[in-house]
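Some notes on the structure that comes next.
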Amino acid sequence: MLSITEKDFIRLTDFIIKNYGINLKAKKVLIEGRLSNYLAAEGYESFTDYVDHIISTQKNSDIEMMLNKLTTNHTFFMREENHFTFFNDTILPYLEERNKNHSLSIWSAGCSSGEEPYTLSIIMKEYFKSKPVKWDTRLLATDISQNALSKAARGLYNDESLNALSEAWKRIYFTKKDGGYQVTDELRKNVIFRTFNLMEPIKFKTKFDVIFCRNVMIYFDKPTKAALIQRYYDALNPGGYLLIGHSETVDRDESNFEYIMPATYRKPL
């Protein structure tokens, strides 16, 4: 197994944190373990050659391959279910009353392979289907990984991923295919997938009513996370909600967000 020198470890982790906000400063063993066989298979004789290549070329496909190997993207439908309950029972009634243009602005940031935005889409369709006025429930889903976005756009999932969904929702929003379940065309068209690096300025045309960014900031150091939370604050409409992972927190001494409940925050009106 190839070993990484302290110098190359620092070079690589500095590059990753500067460009992608992911802090792997305490993950030397993980980096060696997850990249060593890959480097050998690709013909690299040392980590030095690999780090040189990554930093000098900054080739998107190689960087994406590296980030996919170094970060874990395990997700499934209805993960951290109480968020979706709150979204259905509290956030949607609030937005229904407030948004007179019958249009929602929801962002799934760091959407991985698509389970989160599709879950949100199902909940919105169920909530608004009996309403007398048609609502625009399309939502934006972004990730840095083209590989994850490609999987999300295909919308093909195994049985285990859908365990928490009701049989009725499976029948309505999925079709059986290739031993798994594929989201219907109608559901797929309701989610707009885009590539986006969360380290970039947030310059979308409209502000958001709700931002989901769950289990993404666990890789960020404190300054990077604080800066991103401020960008989210600025990107939300007054009264808008930010929902993060249950292992994550917003520093209430450094943020203007109101604490609602664990992993749920609101921008004041």
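Condition (residue is surrounded by fewer than 18 Cβ atoms within 10 Å (Cβ to Cβ) and farther than 28 Å from residue 222 by Cβ) applied to segment 14-37: is it met by at least one residue?
Yes, that holds for at least one residue.
For (1) basic (Lys, Arg); (2) modelled with pLDDT of 95 or more; (3) open to solvent by less than 30 Å² (accessible area, probe 1.4 Å); (4) within 13 Å of residue 117 (Cβ to Cβ), each residue gets a yes or a no:
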residue: 149; (1), (2), (3), (4): no, no, yes, yes
residue: 167; (1), (2), (3), (4): no, no, no, no
residue: 176; (1), (2), (3), (4): yes, no, no, no
residue: 197; (1), (2), (3), (4): no, no, yes, no
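So residue 43 ticks every box in (1) of a type outside the set (S, T, N, Q); (2) more than 30 Å from residue 158 (Cβ to Cβ); (3) in a helix (DSSP H, G or I); (4) open to solvent by 50 Å² or more (accessible area, probe 1.4 Å) but one. Which box is left unticked?
It is condition (3) that residue 43 fails.
Residue-by-condition table, conditions (1) open to solvent by 10 Å² or more (accessible area, probe 1.4 Å); (2) under 16 Å from residue 257 (Cβ atoms); (3) assigned to a loop (DSSP other than H, G, I, E, B):
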{"residue": "192", "(1), (2), (3)": "yes, no, no"}
{"residue": "215", "(1), (2), (3)": "yes, no, yes"}
{"residue": "218", "(1), (2), (3)": "yes, no, no"}
{"residue": "228", "(1), (2), (3)": "no, yes, no"}
{"residue": "238", "(1), (2), (3)": "yes, yes, no"}
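Out of 140, 243, 187, which single residue is touching a residue at least 60 places away in the same chain (Cβ under 8 Å), in contact with a Lys or Arg (Cβ under 8 Å, 6 or more places away or on another chain), over 22 Å from residue 258 (Cα atoms) and outside any helix (DSSP H, G or I)?
That would be 140, the only listed residue that is touching a residue at least 60 places away in the same chain (Cβ under 8 Å), in contact with a Lys or Arg (Cβ under 8 Å, 6 or more places away or on another chain), over 22 Å from residue 258 (Cα atoms) and outside any helix (DSSP H, G or I).
With the condition kept exactly as written, say whether any residue in segment 116-130 is open to solvent by 10 Å² or more (accessible area, probe 1.4 Å), modelled with pLDDT under 95 and either over 21 Å from residue 169 (Cβ atoms) or polar (S, T, N, Q) (or both).
Yes.
Among the residues of segment 160-186, write down those that are farther than 20 Å from residue 79 by Cβ and either acidic (Asp, Glu) or not assigned by the TED database to the domain that holds residue 126 (or both).
Scanning segment 160-186 gives 178, 185, 186.
Restricting the search to segment 255-264, which residues are more than 16 Å from residue 95 (Cβ to Cβ) and not polar (S, T, N, Q)?
Within segment 255-264, 257, 258, 259, 261, 262, 263 meet the criteria.
Restricting to segment 250-269, name every residue that is among the β-branched types (Val, Ile, Thr) and either closer than 18 Å to residue 85 by Cβ or loosely packed, with under 15 Cβ neighbours inside 10 Å (or both). Can you show your working first?
Step one: filter segment 250-269 for residues among the β-branched types (Val, Ile, Thr), giving 250, 260, 264.
Passing the criteria: 260, 264.
The values are calculated or read from the model by the stated rules, or taken from the named source; none is laboratory data. Model, not experiment: these values are computed from the prediction. Quick reminder, even Gly has a Cβ in these numbers, built from the backbone with ideal geometry, and neighbours come from all protein chains shown. Accessible surface areas use protein heavy atoms only, side chains included; no ligands, DNA or RNA. Shrake-Rupley method; radii C 1.70, N 1.55, O 1.52, S 1.80 Å.
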